[in-house]
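Participant: A single structure is presented below for examination.
The values are calculated or read from the model by the stated rules, or taken from the named source; none is laboratory data. These numbers were taken from a predicted model, which means no experiment stands behind them. With ideal geometry, Cβ positions are generated from the backbone for all residues, glycine too; neighbour counts draw on all protein chains shown.
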Amino acid sequence: MEVISLKLDEQMLKNIDSALKKHNFSTRTEFIRDAIRTRLSRLEKDEIIAKLASLRGAFKSKTNLSDEEVRKLVFEERAAKFGIKLD
């Protein structure tokens, strides 16, 4: 693991410390790592959604699947990647 240095203003540190207590994080580092993981996952999801939007309708001519069926398949694939179990 690599060490990085990070400067934060006092108010942000107070907000982080408040969140530590409220959400049971044991350290600031744990909180910041979780925030980074969450943001990276959100960015990946946004990229996938943008790609799907750009391909909208393109699958109809190449498959017998509707746009909704394609979206459902991609959603299930993404859910599995992030460990989300669907009923």
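Participant: So the check is Cβ under 6 Å with 6+ separation or different chains; which pairs have a first residue in the range 20-39 that's farther than 22 Å from GLY83 by Cβ and a second one that's in a helix (DSSP H, G or I)?
Facilitator: If the second residue must be in a helix (DSSP H, G or I), the pairs left are LEU20/PHE31; ARG28/ILE16.
Participant: Now for a different question. Taking the range 71-85 on its own, how many of its residues are among the small types (Gly, Ala, Ser) and touching a Leu at 6+ places or on another chain (Cβ under 7 Å)?
Facilitator: Within the range 71-85, residues that are among the small types (Gly, Ala, Ser) and touching a Leu at 6+ places or on another chain (Cβ under 7 Å) number 1.
Participant: If you take the residues in the range 8-42 that are polar (S, T, N, Q) and not in a helix (DSSP H, G or I), which one is nearest to ALA79 (Cα to Cα)? It would help to see each step written out before you state the result.
Facilitator: So in the range 8-42, the residues polar (S, T, N, Q) come out as 11, 15, 18, 24, 26-27, 29, 38, 41.
When the remaining residues are screened for being not in a helix (DSSP H, G or I), the result is 24, 26-27.
Details: ASN24: 25, SER26: 28, THR27: 29 Å.
The residue in question is ASN24.
Participant: Within the range 52-80, how many residues turn out to be touching a helix residue (DSSP H, G or I) at 6+ places or on another chain (Cβ under 9 Å), modelled with pLDDT of 70 or more and assigned to a helix (DSSP H, G or I)?
Facilitator: Number of matching residues: 8.
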